[in-house]
Amino acid sequence: MARSAAGTDGVDRIDGADRGERLTFPAGFRWGVATSSHQCEGGNTANNWYAWEQAGHIKTGERAGLACDWWRNAERDFDLARDLGLNALRLSVEWSRIEPRPGKWDGAALTRYRQMLVGLHERGIEPMVTLHHFTNPLWFEERGGFLAADAMERFDRFTERVVTALGDLCDLWCTVNEPNVYAVQGYLFGAFPPGRKGDALAVLRVQAALARAHAAAYRTIHRIQPAARVGWAQNVNIFDPAHPGNPFDRLAAGLQDATFNDFFPRAVASGRAAFPLSLVAGDLRAVQDTCDYIGVNVYYRDLVAFDLRAPTELFGRRFADPAGARSDQPIGAAWGEVYPDGLRRVALRVAALGKPIYVTENGVADAADRLRPWQLALAVRALRAAITAGADVRGYYHWTLVDNFEWSEGWKTRFGLVALDPQTQTRTPRHSAALYGVIARANALTPAMLEEYAPAALDG
Ligand code: IFM
């Protein structure tokens, strides 16, 4: 897909061939990378994912282990981000470190996070801090996770501690990462803890509970830090009808979209869930208007065909366009088409909420870096098209900086701009890292980059 593989002179060519119209971004645009605590820190033993790994639920049989060794030395990778010319980094704080037992707070953990945030500022990198990125303290999980009656209060107390301790070093907060993925993987597919399968009602209840927890956190953060910018990160998958002219395919695609993509944004926009989801969601009025920005994590597109034999999938059979690009794949499942233009479509769609937008994640599993340069160039182009069309996009956080522990896939799929050998902790930048650095430093995409990495895009 990319015309040239990593070459020693690749970056020079990009800089040197800067002719024609540059696709520039607004001044102050954030070029970052996104990460999460359990996937990077290493040594987390007090959360539900540690227990899940010990119980043998990772498809490869692997464990996060030392991960990217961030608890001891995140600064090594902060140096990498700085050297690439990035000005933003999204990381999460690990609740199980900060509150290892109910009501017992670990000041040393907060001190380490302070060090990390100071380290980012010293390198000219603005932090975005996520409060919940998939992992729960074991004690919280054992009480029923977000389905427990006091989950919201517990999460709110944690939020208060974190913001009080770190608020002078961060004013850009992401309450919850991908509530839809957390709910679907944990309660429908059983691939994430607690490993429940086929519980569609729980999928809705968990998202509703997370929406209420998000809203409480939003208010708490603003009470402590009135000028804070608070949002959440929504995973938005593109569902297109397999045959756009077929009304049943359109209906099936619309159902997937309404249940997976739309529940949380609708709760924030209107304080309600769509009927009939509202029958199980409970009271969402407090959720209305609780974001200062909307974060979107955008990866794949699925085509959806109406299929009476697929009642558990809401009569929609999902598949990737056979002509589309495919990333490295998970074990025993399938990820959709790699679809960079999804960024433009999603940004324009969420622009209707009238809030600034951050792309809080976008990337591709691609150990050989055969697709990533192409994906990166077209994603940036799509983002610029969305801005030109009026979307207020403020930043792009590529997932991810260094290969990390990919949940139930273990170490098999590689999303990093930089390759990691978790055994030796050796880091080897992929070509995409240099390309992303050039884009970030220039705050622009040049026609030469498109010609180099996505020549077909220039034909259209
Ligand atoms: O690694 C994950 C991340 O934790 C959440 N969003 C998708 C990424 C890639 O699958």
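Each value in this text was obtained by applying a stated rule to the coordinates, not by laboratory testing. For clarity, every value in this text was computed on a predicted model and none was experimentally measured. Ideal geometry is used to build each Cβ from the backbone, glycine not excepted, and the neighbour counts take in all protein chains shown.
The peptide list 137-146, 87-96, 338-347, put in order of mean Cβ contacts within 10 Å with the highest first, becomes 87-96, 338-347, 137-146.
With the Kirkwood sum run over all distinct C-alpha pairs, the chain has a hydrodynamic radius of 22.3 Å. Given their separation in residues at 0.36 nm each and the Cα-Cα distance between them, R272 and R101 gain 58.1 nm when the chain is fully extended. Residues C174, C291, arranged from fewest to most other Cβ atoms within 10 angstrom of their Cβ, appear as C291, C174. What is the range 254-363 by shape, rounded, prolate or oblate, if you read a ≥ b ≥ c off the alpha carbon gyration tensor as root eigenvalues and call it rounded for a/c under 1.5, prolate for a/b larger than b/c, and oblate otherwise? Oblate shape, in that a/c is at least 1.5 and b/c is the bigger or equal ratio. When only the Cβ of Lys, Arg, Asp and Glu is charged (+1, +1, -1, -1), the dipole of the range 355-460 relative to its Cα centre reaches about 240 debye.
Cβ crowding within 10 Å, taken as a proxy for footprinting-reagent exposure, orders H243, H222 from fewest neighbours to most as H243, H222. Here K59 is the anchor, and the lysines within straight C-alpha reach of less than 27 Å, apart from those fewer than 8 places off in the same chain, are K197, K412.
The charge dipole of the chain, taken about the Cα centre with unit charges on the Cβ atoms of Lys, Arg (+1) and Asp, Glu (-1), comes to about 660 debye, rounded to the nearest 20. With K and R counted +1 and D and E -1, the other residues having a Cβ less than 15 Å from that of H133 yield a net charge of -4. Label-to-label distance, D283 versus D321, with points set 7 angstrom from Cα along the beta-carbon direction: 4.6 nm. Between T426, F405, T290, the Cα set farthest toward the positive side of the dipole of the chain (charges on each charged residue's Cβ, about the Cα centre) is that of T290. Taking the Cβ of G282 as the center, what net charge do the other residues with Cβ under 12 Å away carry, scoring Lys and Arg +1 and Asp and Glu -1? Here the count lands on +3.
Counting Lys and Arg as +1 and Asp and Glu as -1 over every other residue whose Cβ lies under 15 Å from the Cβ of R430, the net charge comes to -3.
Debye sum, Cα scatterers, the range 161-320, no solvent: what log₁₀ I/I(0) at q = 0.09, 0.15 1/Å? Taken in order of the listed q values, log10 I(q)/I(0) reads -0.33, -0.84. At a Cβ-Cβ separation cutoff of 4.7 angstrom, cysteine residues of the chain with no neighbouring cysteine are C170, C174, C291.
With semi-axes defined as the square roots of five times the eigenvalues of the C-alpha gyration tensor, the equivalent ellipsoid of the range 166-220 measures 27, 12, 7 Å, largest first.
Helix-only arithmetic for the chain: the sum of -39500 (n - 2.57) across DSSP H runs with n ≥ 4, divided by the residue total, places the mean residue ellipticity at 222 nm at -11500 deg cm²/dmol. Its relative contact order, with pairs defined as Cα atoms under 8 Å and 6+ residues apart, puts the range 6-164 at 26 percent. Give me the distance between the Cα centres of the range 113-162 and the range 362-394, rounded to whole Å. With the range 113-162 and the range 362-394 each reduced to a Cα centre, they are spaced 28 Å. Taking only the C-alpha atoms of the range 115-187, the Rg (one decimal) and the largest Cα-Cα distance, Dmax (whole number), read 14.3, 42 Å. Taken over the C-alpha atoms, the range 302-454 has Rg and Dmax values of 17.0, 51 angstrom. For the chain, relative contact order (Cα pairs under 8 Å, six or more residues apart, normalised by length) works out to 21 percent. Among F158, F248, a tally of other beta-carbon atoms within 10 Å of each Cβ gives an order, fewest to most, of F248, F158.
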